[in-house]
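The values are calculated or read from the model by the stated rules, or taken from the named source; none is laboratory data. Note that the structure is predicted; figures quoted are calculated from it, not measured. Heads up, the Cβs are rebuilt from the backbone with ideal geometry, glycines too, and the neighbour counts pull from every protein chain shown. Ligands, DNA and RNA are stripped out before the accessible areas are found, and what is left, the full protein with its side chains, is counted by its heavy atoms. Shrake-Rupley method; radii C 1.70, N 1.55, O 1.52, S 1.80 Å.
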Amino acid sequence: MTAKRLGWAVAAMGVLLACIYLFLYAPIFYVIYTSFAADIVWPFPPAFSMAAYGDLFTSSLYGDALRNSLVLGLGSALLSTVLATGGAIGVLRHRSRWRGLALGLFLTPLFVADLLIGISTLAFNARVLDLPGNMYSAIAANAIPGTSFAFLIILAQLVRYDWAMDDAAMVFGAGPVRCFIEITLPTIWPCLLGAFLIGFILAFNNLEISFYNLGAIPTLPSVAWGSLRFGLGPELFALAAMVNFIVFAIFGVMYLLMRYKIVRFGYRETL
Amino acid sequence: MRNAGTCQQFVKAGTSVPDAVLKLQAIVKRFGTVTAVDRIDLTIERGEFFALLGPSGSGKTTMLRIIAGLERPDEGGVFIGDRDVTALPPYARHVGMVFQNFLLFPHKTAAENIVFPLRMQRLGRAERDERLAWAMSLMRLGGLEDRYPNELSGGQQQRVALARGLISRPALLLLDEPLANLDRELRSEMEVEIRRYQKELELPFIYVTHNQEEALTMSDRIAVMHNGAFEQIGAKTEIYTNPATAFVAGFVGHSNRFEGKLVEISGGLARMAWQGDAMLVPVPRDPRPGGAILFAIKFEDLEIARAPDGVDRTGRNRLAGTLRDVIFKGQTANYIVALGDGSEITISSAPRGLDLRMSEPVIVHWPVARGATFHV
Ligand SMILES: Nc1ncnc2c1ncn2[C@@H]1O[C@H](COP(=O)(O)OP(=O)(O)OP(=O)(O)O)[C@@H](O)[C@H]1O
Ligand SMILES: [Mg+2]
């Protein structure tokens, strides 16, 4: 009796879980599925074609946009990771009264809307610096929320790092730079890589901040958004599918690195 | 920058001592309201094995960190050789250190760990390999070169840590309770070995421990530290036989303690009133007749005999009691005796030739000059 009821409960939970996953992934899989369909308006019953991808690759606009998005993503991720690493180490190592404040100030950009960051950097560049939108300012502006995210990720891992190790290295003659390169970095690089990848994905996918700063320079999200004016073209589905593929590939690589212990998220094996 | 001023004064005063390897002058270090190191002066001579003995929280680690440069003193100066290093960072001081939990670099092999100080000094490859071979054979680590720290036993890690501390031939080696994490057997083995290395290398060691046996076994000179200050500093036999304070008497060796009142001083001895009885004890420093005093005497300074013994014991204190227990320890036995007031004292002596039975009346006696007395 109770076993039977338990069986029902498990089944109900299973259905609920399936519904949640459906809710999360249905739109994404719909886009991927449609990108391979012959008729994108009503892709049922299934009939497959690579035409959408053909359109995508022949259009030079998308090539430029992809290149720009990659530059933006990599640049912003690099800047965010460097700033966040410095910040996290500083907050952890210096027991100052202002530590809480310093920590808070690294996180507040997370609560500022992207739109606002976009508009305000645009206004600041135009009015104060008299600069037109350019890639550098877009990289810098994207690194604002990127730094906050990277800071969170790095801090969460770095609290477990044993700084006494650095003390030991210094006693044995390593200056601060040598010490960081020889001792700190080899142990903490996995979490820096994690922060870098998240920063890359954020900037790569960002529309608002990049759009305001880049103006006419195309990125993948801005081109996709711009082409909406002409309706949902087939190449747009192909584009969405490809972007998703890149993001999933990055997570796949991270998973494999962890799974096969090439990267260890844990600093000292217990002795 | 308060330090800079203070050091300059010391330099001007011309206090450099040519034969001293290390000199600390009036070091003070505070953490908030805690004074971890409280006006410490110390001189370490060439080739000396110096032990810093004190209970937990007495400031031993803080002192080592100040010497190594990992902590900046609030006041005072640190001199290594005749160099004022107070303001120098750790990597400019050339001292070696062995940390309590070893702190081997987990991503480097044993050999990489050991040569790390030499690489930092940019020593040539040939010389580096030569010294590595020397350190590996000194520490009997042959064959373990390519193991990572988590693949080594506790004792092996400890020897790698020692090798890393020694390999650059530092001016002095600081050791922070290096044996605390080892089991008892390995510890006593390492005690002997560490002392042997020290004598072979003629390198000054500053050895921090809260274990009095370790300090007594290994060192030449001991400082007993308490609440950030030295209670007593001297040769280990001096510390053991002539404790300067009640704290030292309680901390080093095993003592019986009698609390009483100083009645009078006569003939170079003090008369102490204790439990309606009187004992003759050594005179305390700055004697105040009528004041409360503490008399401490080591287990092995007491003698025990079957009562009643008709032997004349002039010049001796005697206490009557009953034997409660005998704890056999091998070379010695501890005889636990209950005194008239119910308190218990312990006598340590050779177990042979003393076939006392439990609950038997006994006499505890000792020459009047033994033990140490303090005002409390
Ligand atoms: N970084 C710090 N911040 C605040 N207080 C500290 C710090 N380091 C040490 N102290 C305090 O200074 C005092 C001395 O500490 P220290 O570590 O030197 O003791 P210790 O003699 O090495 O003790 P143990 O035998 O337990 O290692 C302690 O009261 C400790 O709480
Ligand atoms: Mg300590």
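Filter the DSSP H helices in chain B by two things, a Kyte-Doolittle mean of at least 0.0 and an axial alpha-carbon span of 15 angstrom or more, and list the hits by number. Don't skip to the answer; put the middle values down first.
Numbers: long enough: B:2-12 (16 Å, -0.79); B:110-120 (16 Å, 0.70); B:125-138 (19 Å, -0.77); B:154-166 (18 Å, -0.41); B:184-201 (26 Å, -1.49).
Length and hydropathy pass: B:110-120.
Rank by packing, highest mean first: peptides B:164-170, B:138-144, B:214-220, with packing defined as the count of other Cβ atoms within 10 Å averaged across residues. Write out the running numbers ahead of the final one.
On the way: B:164-170: 22.9, B:138-144: 15.7, B:214-220: 20.6.
Ranking, from highest mean packing down: B:164-170, B:214-220, B:138-144.
For region B:75-127, run through the trypsin sites (Lys or Arg not before Pro) and keep only the ones in DSSP coil with at most 11 other Cβ atoms within 10 Å of their Cβ.
Of the trypsin sites (Lys or Arg not before Pro), the ones in loops of region B:75-127 whose Cβ has at most 11 other Cβ atoms within 10 Å are B:R122.
List the residues of region B:58-78 whose accessible area drops by at least 30 Å² when all protein chains are present, compared with their chain alone, using a 1.4 Å probe and counting only protein heavy atoms.
B:L70
Express the relative contact order of chain B as a whole percentage, based on alpha carbon pairs under 8 Å and six or more residues apart in sequence.
Reported relative contact order: 15 percent.
Over region B:4-246, with every protein chain in place, what whole percent of the accessible area is carbon and sulfur at 1.4 Å, could you tell me?
Taking all protein chains in place, region B:4-246 shows 47 percent carbon and sulfur surface.
Pick out, from A:V223, A:L116, A:V128, the residue whose Cα sits farthest towards the positive end of the charge dipole of chain A, with +1 on the Cβ of Lys and Arg and -1 on the Cβ of Asp and Glu.
Selected residue: A:L116.
Accessible area per residue of region B:4-246 at 1.4 Å probe, in Å²?
Numbers: 9960 Å² over 243 residues.
That works out to 41 Å² per residue.
Taking 37 °C and 0.692 mPa s as the conditions, I'd like the Stokes-Einstein D for the protein assembly as shown in µm²/s, using the Kirkwood hydrodynamic radius from alpha carbon pairs. Before the final figure, lay out the partial values.
Details: Rh = 31.5 Å.
Rounded to a whole number, D works out at 104 µm²/s.
With +1 on each Lys and Arg Cβ and -1 on each Asp and Glu Cβ, and nothing else charged, work out how big the dipole of the protein assembly as shown is about its Cα centre, in Debye to the nearest 20. Before the final figure, lay out each step's value.
Values: 60 positive and 57 negative charges, 76 e Å.
Once rounded to the nearest 20, the dipole reads 360 debye.
Compute the label zone of B:D277 within region B:319-345: residues whose backbone N is under 13 Å from the point 7 Å along Cα-to-Cβ.
Hits in region B:319-345 for B:D277 at 13 Å: B:319-323, B:337-345.
In Å², and per residue, what accessible area does region A:50-201 have when probed at 1.4 Å with the other protein chains present?
I get 49 Å² per residue for region A:50-201.
Which far-off residues, 5 or more places away or on another chain, put their amide H under 5 Å from the one on B:E48, with H placed in the peptide plane?
Correct list: B:F205.
Which value, in Å², gives the accessible area per residue of region B:254-368 when a 1.4 Å probe is used on the protein heavy atoms?
Per residue, region B:254-368 has an accessible area of 53 Å².
I'd like the distance separating the alpha-carbon centroids of region B:320-372 and region B:172-219, in whole Å.
Each part reduced to its Cα centre gives a spacing of 33 Å.
Per residue, how much space in cubic angstrom lies within the convex hull of the C-alpha atoms of region B:254-368?
For region B:254-368, the hull spanned by Cα atoms encloses 107 Å³ per residue.
B plus A alone minus the pair: what accessible area, both sides summed, probe 1.4 Å, in Å² to 100?
Working: alone 17950 and 16610 Å², together 32480 Å².
For chain B against chain A, roughly 2100 Å² becomes buried.
Hey, can you rank A:4-12, A:185-193, B:183-191 by average C-beta count inside 10 Å, highest first?
A:185-193, B:183-191, A:4-12
Going by average Cβ neighbours within 10 Å, how do the peptides A:201-214, A:166-179 rank, with the highest at the top?
Those peptides, ordered most packed to least, come out A:201-214, A:166-179.
Collect residues whose amide H, placed 1.01 Å from N in the peptide plane, falls under 5 Å from the amide H of A:S49; neighbours closer than 5 in sequence don't count.
For A:S49, the qualifying residues are A:A37, A:A38.
In region B:254-368, if the dipole is taken from +1 on Lys/Arg beta carbons and -1 on Asp/Glu beta carbons about the Cα centre, which of B:A305, B:L319, B:A350 is farthest to the positive end?
Checked the options; the winner is B:A350.
Only protein chains counted, 1.4 angstrom probe. Which residues of region B:84-107 are at least 50 Å² less accessible in the assembly than when their chain is isolated?
With the partner chains in place, region B:84-107 has these residues losing at least 50 Å²: B:Y91, B:L103, B:F105, B:P106, B:H107.
Percent antiparallel among DSSP beta bridges with both residues in region B:4-246, to the nearest 5?
Within region B:4-246, antiparallel bridges account for around 60 percent of the total.
Can you give the angle from 0 to 90° between the axis of helix A:185-205 and the longest principal axis of chain A, with both taken from C-alpha atoms, to the nearest 10?
Here the helix axis deviates by roughly 30 degrees.
Dipole size in debye (nearest 20) for chain B around its Cα centre, Lys and Arg Cβ +1, Asp and Glu Cβ -1?
Result for chain B is approximately 700 debye, rounded to the nearest 20.
Calculate I(q)/I(0) for chain A by the Debye formula, one identical point scatterer on each C-alpha and no solvent, and give its log10 at q = 0.07, 0.12, 0.16, 0.17 Å⁻¹ to two decimals.
Log10 I(q)/I(0), no solvent term: -0.37, -0.93, -1.23, -1.30.
Using modelled amide H (1.01 Å from N, peptide plane; none on Pro or chain starts), what sits under 5 Å from the amide H of B:Q232, excluding residues fewer than 5 places away?
Amide H to amide H, under 5 Å and 5 or more residues apart or across chains, B:Q232 pairs with B:V224.
Protein chains only, probe 1.4 Å: how do B:R285, B:R306, B:R131, A:R160 rank by accessible area, largest first?
B:R285, A:R160, B:R306, B:R131
How long are the semi-axes of the equivalent ellipsoid of region B:4-246, defined as square roots of 5 times the Cα gyration tensor eigenvalues? Whole Å, largest first.
So the three semi-axes of region B:4-246 are 29, 22, 16 Å.
Under a Cβ-only charge scheme (Lys and Arg +1, Asp and Glu -1), can you give me the dipole magnitude of region B:254-368 about the Cα centre, in debye to the nearest 20?
It comes to approximately 160 debye.
What does the extension gain come out to for B:S349 and B:D82, with contour length at 0.36 nm per residue minus their alpha carbon separation?
That pair, B:S349 and B:D82, stretches by 91.3 nm at full extension.
In whole percent, how big is the carbon plus sulfur part of the accessible area of chain A, probe 1.4 Å, protein atoms only?
74 percent
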